[in-house]
Every structure is written in structure tokens, then in C-alpha cells.
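Colleague: One structure is given below, represented as C-alpha cells, and several questions about it will come after.
Each reported figure results from applying straightforward, stated rules to the coordinates on display, with no laboratory input. A quick note: this is a predicted structure, and the numbers were derived from the prediction, not measured. Please note: Cβ atoms are built from the backbone with ideal geometry, for glycine as well, and neighbour counts cover all protein chains shown.
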Amino acid sequence: MLIYGDKTMADLVIKNGRIITCKGDGPGPKISEAMDDVGVIENGFVAVSEGRIEAVSTGDGRDYISDKTHVIDAEKRLVMPGLVDSHTHLIHYGSRENELMLKLQGKSYLEILKSGGGILSTVRDTRAATKEMLIKKAKKSLDVMLSYGTTTIEAKSGYGLNFEDEVKCLEVAKDMNHVVDIVSTYMGAHSVPEELKSRPEEYINLMINKVIPYVAENGLCKFIDCFCEEGVFTIDESRKILIAGAKHGLGIKLHADEIEPMGGANLAAEVGAISAEHLLAASDDGLMEMREKGVIAVLLPATSFYLRLGKYARGKEMIKMGIPVAIATDYNPGSSPTESLQGTFVFASMGMGLTPQQVINSVTINAAYAIDKGNQIGSLEKGKMADILIMDAPNENYIVYHFGINHVKTVIKNGRIVINR
Ligand code: NIG
Ligand code: FE
């Protein structure tokens, strides 16, 4: 660190930008009207020192600039926090473009799953893949994510579905060593594996007695998640699995009420989940309970679009109710084959009715809280990690309005320029 007198000089200063900080009023995710505010600083600068944000303010940052400082002139472009993708199924093998045709012929997602396709076909490919194959594929996806401005993700397991292959996938995530940071979630409860199809109890006991203790004790994940859905795991089964995870110190996430109304939102509130995800079919009382408990709604509008469900989660209403909302890709080979969080903006706005400000807070500060990293990332404020984007756009409305392209010009991760286009 360079210190002149009592002043810290910056390693990097980005000046002449339209800064949006996404900073909240206090700790915790943004709710209600706070979602409308992205913390605009016109003609501002961000100063970075040793990978952390040193200052964000109006002006040209001259007080932080020494002859050793790298200065970037943003030329009035939008400067914002790195995007946080709070729900992905990163580690898997293979792809499922064959399902596009099945969907066009009118087959539903749950029908494809029931006939041994869907998640189960990816499980077959993932089990057959070596760690090296999985690393290579995941690296390619992380590279795409980074180029589109995503600097931290959550990644769920759930395509191994036995002890060895779930551990293999979580170890791959842990060893990725990519610029993009990964927070892992154990989701063995993604489906009952084919070999135990008639004995789901046996699979649940395997997770509870063997896999959960192992992955928790070996630091392979921070959260547990479960696909609570018709024909997958019931409410009672989900409760049992999630509580077993919590007993081993894992935070709780839940794929709740994605397709059928199961009472997943209620369960998420009951078990003290950090987030309930999907929520297309969530009930009014389920949402009310989530609000009481401060459960974050992680909404996945690209999935709603891609499953052709004809509806979206009630994001606008949730914000009005005071539920903290985050938006993520759900990147996976079936229901949302896209790594681009920017690509979800149009579905969040045109599909769910969110304003650009609400969309942006949902993929930065609130997404950071959804993976329990809200005190380290998700906003541009002193002390946080210097994960910063310069967008080739004049303002925050523009990046939501002009859809289907990549607005990223520069990505800075931990204070280092990692992409410059
Ligand atoms: O979030 N809902 C369950 N899991 C994923 C889909 C996984 C798959 O189809 O491979 C989802 O939509
Ligand atoms: Fe998912």
C-alpha cells in the first residue's frame, strides 16, 4: 500500500464515470423503495487499493492518484459492481439440445424428467465424466460468465446423485481456481437417482447419513438445497433433508414452488432458509411467511421463459410486499442453458415488470446477500472487494433496455483488470 502522509494512494483509479454504487442504507439486502435506488454518482471516481475499494465519490479522484496509480478514464460510461449470479448448476457434463425439439412438440419439463430424460440424462453424462473433463467444461462456462461481467457465482451440485459423484463435482468446484469466485451448494436432492427410483427413502437416508456429514465436514459446500417439486421431493422429505444439512452447519436454500404449488415458500420460511428460489407457483401465505422471516426470493426469469410456462414469478409484487429479491441465471443444461446474467435482464423487466434499478439491485447487492457475501461484494463501497465493471453504456437504464448483447467493456476482479474489450 502506498501511503503519502496520512493518505492512502490508490493502485487503480477509475474516473469520469457514471458510478452506480448499489449500496444499501444499512446492512442487509434492499427491500421495497430501496430497490428503486442504485446510488448514482455522476462524474464520479472509484479508487482501489490492494484489491479493495478505498473510495467512491464525485470528482476525479486526484487525491488518490500518485505516479504509481493506474488511471482509467471511463469517458462517462457506466461503472458498477461486478454481477453476482446467486443460482447456477455449473458443474455438469453434456448438453441437452435434443430437448428443444421435445419441448417444441409439446412435452413438458416434468414429463421429460419422468421418462428418464432431463436431469437424469445429465446425471448419466456427469457420472461418466472425469474431473478433468468437468473442469474443462466448467472453465469454459466461467470464462463466458466473466466476459459478461459476472464476478462471483453460487454453484449447486446435483448431477452426481451418489456419494462418489456428488463429492467429485463439489471437489471440482472447490479446485476450479478461476478468477470468478464460487460459493458451493450441495444439492444431492436434485432428483432420486435411477438406481433407487423405487426406493427414494434409501436415497434420502444415504444423503442424510453419509453425504451431508462428509461434504459439510470437508468444507465442500456452504449451503444445502433441495428440489421440492411434484414427482421429485415432497415437502416432508425436503424438510428432513434440509434440517439434516442445517444440523451440519450448512445454510439452507430451496428450489421452491417452481412448477407446482407445493408449499415450498412456507417451508423455506419455516426452516429459516437464506433464500427460496424460483417461486413461480408460490402461494400468498407462503410469500407472507417469507417476508416475516426475511427469506430472500431468488428469481430465475430466464427459466420461466425457457420452460414456456407462460408466466413469471410475481417479482414486482414481492418487492412491493417487502421481500428482498435477487435475480439469477439458473445456468443449467436443461431449463436455462445460458451463462449470461445480463441476458436475464430483459426477462426480469419485460417478463416480471421490474424497473432497471430493481433489476440491477437484484443482480448485485441482493444477490450477494443471497449467498451470504453481502458484507464483502455486491456494491461499490469502501472496504469491499474491488469487483467492478465498466459498461459501454451511458446509464443504468440502457443496459436493461438494449437487450441480447454484451455491454461489458472492462471487468476488474479483486482490483485487477481481467477483461478489457
Ligand atoms: O433449477 N429445477 C431443478 N433444477 C434445475 C434444472 C436442472 C436440469 O434440468 O438439468 C432448475 O431449473
Ligand atoms: Fe435451479
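Colleague: 5 Å is the cut-off here: which amide hydrogens, built 1.01 Å from N in the peptide plane, fall below it relative to S49, excluding neighbours closer than 5 in sequence?
Modeller: Residues meeting the amide H criterion: D11, E54.
Colleague: Arrange the following residues from fewest to most other Cβ atoms within 10 Å of their Cβ: K174, K15.
Modeller: Working: K174 15, K15 22.
Listed from fewest to most nearby Cβ atoms, that is K174, K15.
Colleague: Further, regarding this structure: Ignoring GluC sites (Glu not before Pro) that are buried or in helix or strand per DSSP, and keeping those with at most 14 other beta carbon atoms within 10 Å, what is the longest stretch of the chain between them? Don't skip to the answer; put the middle values down first.
Modeller: Details: sites that count: E50, E75, E97, E230.
In the chain, the maximal stretch lacking such sites is 231-421.
Colleague: For I72, what residues show an amide H to amide H distance below 5 Å, using hydrogens built from the backbone and excluding near sequence neighbours?
Modeller: Amide H to amide H, under 5 Å and 5 or more residues apart or across chains, I72 pairs with V13, I14, K15.
Colleague: Of S49, S57, S115, which has the largest mean-square fluctuation in a 10 Å C-alpha GNM of the chain?
Modeller: Residue with maximal mean-square fluctuation among S49, S57, S115: S115.
Colleague: What dipole magnitude, in Debye to the nearest 20, does the chain give about its Cα centre under +1 on Lys/Arg Cβ and -1 on Asp/Glu Cβ?
Modeller: Numbers: 46 positive and 55 negative charges, 149 e Å.
Dipole size: approximately 720 debye.
Colleague: Just going by the charge dipole of the chain, with Lys and Arg at +1 and Asp and Glu at -1 on Cβ, which of L242, Y203, T69 is farthest out on the positive end?
Modeller: T69
Colleague: Oh, and also: Kindly flag which residue pairs out of K103/K253; K15/K382; K23/K136 have an alpha-carbon separation exceeding 24 Å in this structure.
Modeller: Values: K103/K253 28 Å; K15/K382 16 Å; K23/K136 35 Å.
Table pairs above 24 Å Cα-Cα are K103/K253; K23/K136.
Colleague: Let me ask you something else. Under a 10 Å cutoff between Cα atoms, tell me which one of N43, N361, N266 has the largest fluctuation in the Gaussian network model of the chain.
Modeller: Judging by the Gaussian network model, the answer is N43.
Colleague: Further question: Would you mind ranking F45, F403, F305 by Cβ crowding within 10 Å, fewest neighbours first?
Modeller: Numbers: F45 27, F403 15, F305 18.
So the residues, fewest neighbours to most, are F403, F305, F45.
Colleague: What is the set of long-range amide H partners of R77 at a cut-off below 5 Å, with H atoms built 1.01 Å from backbone N?
Modeller: R18
Colleague: For the range 143-158, take each phi angle, set θ = phi - 60°, evaluate the Karplus expression 6.51 cos²θ - 1.76 cosθ + 1.60, and give the result in whole Hz per residue in order, putting x for glycine and proline.
Modeller: Going residue by residue, I get 4, 5, 4, 4, 5, 9, x, 8, 10, 9, 9, 9, 9, 9, 7, x Hz, with x marking Gly and Pro.
Colleague: Pick out, from V13, A34, G44, the residue whose Cα sits farthest towards the positive end of the charge dipole of the range 11-119, with +1 on the Cβ of Lys and Arg and -1 on the Cβ of Asp and Glu.
Modeller: Checked the options; the winner is A34.
Colleague: Let me ask another. Which one of C221, G415, N266 is farthest out on the positive end of the charge dipole of the chain, using unit charges on Cβ (Lys, Arg +1; Asp, Glu -1) and the Cα centre as origin?
Modeller: Positive-most Cα among the choices belongs to G415.
Colleague: Give me the percent relative contact order of the range 286-409, please, defined on Cα pairs under 8 angstrom at least 6 residues apart.
Modeller: On the way: 176 pairs, mean separation 26.4, N = 124.
The value is 21 percent.
Colleague: Taking θ as phi - 60°, what are the ³J(HN,Hα) couplings along the range 331-336 by the Karplus curve (6.51, -1.76, 1.60), each to the nearest whole Hz, with x for Gly and Pro?
Modeller: Whole-Hz 3J(HN,Hα) from phi for the range 331-336: 2, 7, x, x, 8, 7.
Colleague: Follow-up question, since we're still on this one. Roughly how many debye, to the nearest 20, is the charge dipole of the range 144-201 about its Cα centre, given +1 on each Lys and Arg Cβ, -1 on each Asp and Glu Cβ, and no other charges?
Modeller: Working: 5 positive and 10 negative charges, 28 e Å.
It comes to approximately 140 debye.
Colleague: In a GNM of the chain with a 10 Å cut-off on Cα contacts, which of H178, H407, H92 has the highest mean-square fluctuation?
Modeller: H178
Colleague: Can you give the helix-only mean residue ellipticity at 222 nm for the chain, where every DSSP H stretch with n ≥ 4 adds -39500 (n - 2.57) and the sum goes over all residues, rounded to the nearest 500 deg cm²/dmol? Could the numbers behind the result be given before it?
Modeller: Numbers: 15 runs with 127 residues, N = 421.
My calculation for the chain gives -8500 deg cm²/dmol from helical runs alone.
Colleague: If you plug each phi of the range 304-314 into the Karplus form 6.51 cos²θ - 1.76 cosθ + 1.60 with θ = phi - 60°, what whole-Hz ³J(HN,Hα) values come out, in order, with x for Gly and Pro?
Modeller: My calculation for the range 304-314 gives 4, 4, 6, 7, 6, 7, x, 7, 10, 4, 7 Hz in order.
Colleague: Moving on. Once you have the Kirkwood Rh of the chain from its Cα pairs, apply Stokes-Einstein at 25 °C and 0.890 mPa s and quote D in µm²/s. Could you put the intermediate results ahead of the total?
Modeller: Numbers: Rh = 21.6 Å.
Reported coefficient: 114 µm²/s.
Colleague: So, with +1 on the Cβ of K and R and -1 on the Cβ of D and E, and no other charges, what is the size of the charge dipole of the range 1-147 about its Cα centre, to the nearest 20 debye?
Modeller: Values: 21 positive and 21 negative charges, 197 e Å.
With Lys and Arg at +1 and Asp and Glu at -1, about 940 debye.
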